[in-house]
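Since every read-out is calculated from the coordinates, none of them should be taken as a lab result. Nothing here was measured: the structure is a model prediction, and the numbers come from that model. Don't worry about glycine lacking a Cβ; one is built from the backbone with ideal geometry, like all the others, and counts go over all protein chains shown.
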Amino acid sequence: MSLSEARFHDLVDATQQALEDLFDDSELDLDMENSAGVLTVKFDNGSTLIFSRQEPLRQLWLADRSGGFHFDYDEDSGKWVCEKSDELLGEMLERIVWERAGEKLDFDEI
């Protein structure tokens with residue numbers, strides 16, 4: 001079943017807000033910008049994560065120096081799942097943030 005446009009935007013908005021809150025509450029030194037549906041997170045070492053919505057595909061995309069990742073929302077689990085690896089967005093972010101910033105953050109709710 002495909003997500004409606006409104007549901008898709010609500011899910012992405014909620015995910016981006018949860019990410020902003022999580023990063024704000026962390027001890028990490030970073031800058032964030034959320035503009036036109038694109039959330040950019042810049043770490044103090046120059047690493048950047050970019051979260052963008054791809055409306056026609058109803059996907060959330062993550063750009064990182066290790067590559068670009070496309071996530072579909074799984075209604076059953078309530079989680080974003082990478083279309084190629086089946087890795088959950090939260091799992092991937094835990095790994096990436098550890099690699100980029102050396103801090104373990106809890107992304108279980110993402």
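Straight-line cross-link partners of Lys42 among the aspartates and glutamates, defined as a Cα under 16 Å from its Cα and at least 8 positions apart when in the same chain: Glu20, Asp21, Asp24, Asp25, Glu27, Asp29, Asp31, Glu33, Asp64, Glu94, Glu99, Glu103.
Measure out, as a whole number of angstrom, how far apart the alpha-carbon centroids of segment 1-34 and segment 53-93 sit. So the separation of the two Cα centres works out to 13 Å. Residue-normalised convex hull volume from the C-alpha trace of segment 13-69: 77 Å³ per residue.
Look at the alpha carbon pairs under 8 Å that are at least 6 residues apart: their mean separation over the length of the chain gives a relative contact order of 17 percent. By the count of neighbouring beta-carbon atoms within 10 Å, fewest first, Met32, Met92 end up ordered Met32, Met92.
The orientation-averaged projected area of the convex hull spanned by the Cα atoms of the chain comes to 6.5 nm². Trp98 sits among other residues whose Cβ lies under 13 Å from its own Cβ, and their net charge, with Lys and Arg +1 and Asp and Glu -1, is -3. From helices alone, the chain scores -10500 deg cm²/dmol at 222 nm; the rule is -39500 (n - 2.57) for each run of n ≥ 4 DSSP H residues, then divide by the residue total.
Rounded to the nearest 10 degrees, the angle from helix 5-25 to the longest Cα principal axis of the chain is 20 degrees.
Evaluated with a Cβ-only charge set (Lys, Arg +1; Asp, Glu -1), the chain carries a dipole of roughly 500 debye about its Cα centre, given to the nearest 20.
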